[in-house]
1. Is there a residue being in contact (Cβ under 8 Å) with a residue 24 or more places away in the chain, surrounded by 15 or more Cβ atoms within 10 Å (Cβ to Cβ), in a helix (DSSP H, G or I) and under 15 Å from the mean Cα position of the chain (by Cα) anywhere in the range 65-72?
2. How about the range 7-28: which of its residues are modelled with pLDDT under 90, surrounded by 14 or more Cβ atoms within 10 Å (Cβ to Cβ) and out of contact with any helix residue (DSSP H, G or I) (no Cβ under 6 Å at 6 or more places or on another chain)?
3. Take the range 6-59 and flag every residue that is charged (D, E, K, R) and closer than 25 Å to L101 by Cβ.
4. Within the range 90-113, is there a residue that is small (G, A, S), in contact (Cβ under 8 Å) with a residue 24 or more places away in the chain and outside any helix (DSSP H, G or I)?
5. Does A47 satisfy the criteria of being among the aliphatic types (A, V, I, L, M) and surrounded by fewer than 15 Cβ atoms within 10 Å (Cβ to Cβ)?
Amino acid sequence: MNGVAKGGIITSFIGAGFCCIMGIIFLFSSAALTKVVSNIDKTVIIAIGVLLLVGPVLVIVFGSLALAKKTNGFKLACGIIALLCVVVAWAAYFVPLILFLVGGILTLCGKANN
């Protein structure tokens, strides 16, 4: 795996950190957020918080395996999951969205060493 893929995985790790922090905030403040935004149900906010925790954890797991094992399968899984995390990263503001997008693209564009 070349430096482009490693840089993409590390960029995705940073985005995952931001998303995990925002996911914890969403879970702990779901009651207060439903009072602010009255037309959204509490379960929707909890579901967004859970997705903000589960997706980045998968990125961290598959990215760590890709960096340790240096296999193409884990690299592809990390890149695809990072791009799928873009769907829920909007809730954690703009920074994780861009980090997941750039990290996923760089991870998928990196060459595998055979």
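1. no
2. Hits for the range 7-28 are I21, I25.
3. Within the range 6-59, the subset charged (D, E, K, R) is 6, 35, 41-42.
The one that is charged (D, E, K, R) and closer than 25 Å to L101 by Cβ: K6.
4. Let us first name the residues in the range 90-113 that are small (G, A, S), namely 91-92, 103-104, 110, 112.
Narrowing further to those that are in contact (Cβ under 8 Å) with a residue 24 or more places away in the chain: 91-92, 103-104, 110, 112.
Still in the running and outside any helix (DSSP H, G or I): 110, 112.
Yes, the range 90-113 has at least one match.
5. Values: among the aliphatic types (A, V, I, L, M): yes; surrounded by fewer than 15 Cβ atoms within 10 Å (Cβ to Cβ): yes.
In short, yes.
The values are calculated or read from the model by the stated rules, or taken from the named source; none is laboratory data. Bear in mind that the values here come from a model prediction, so they are computed numbers and not experimental data. Cβ sites come from the backbone with ideal geometry, for glycine too, and all protein chains shown count toward neighbours.
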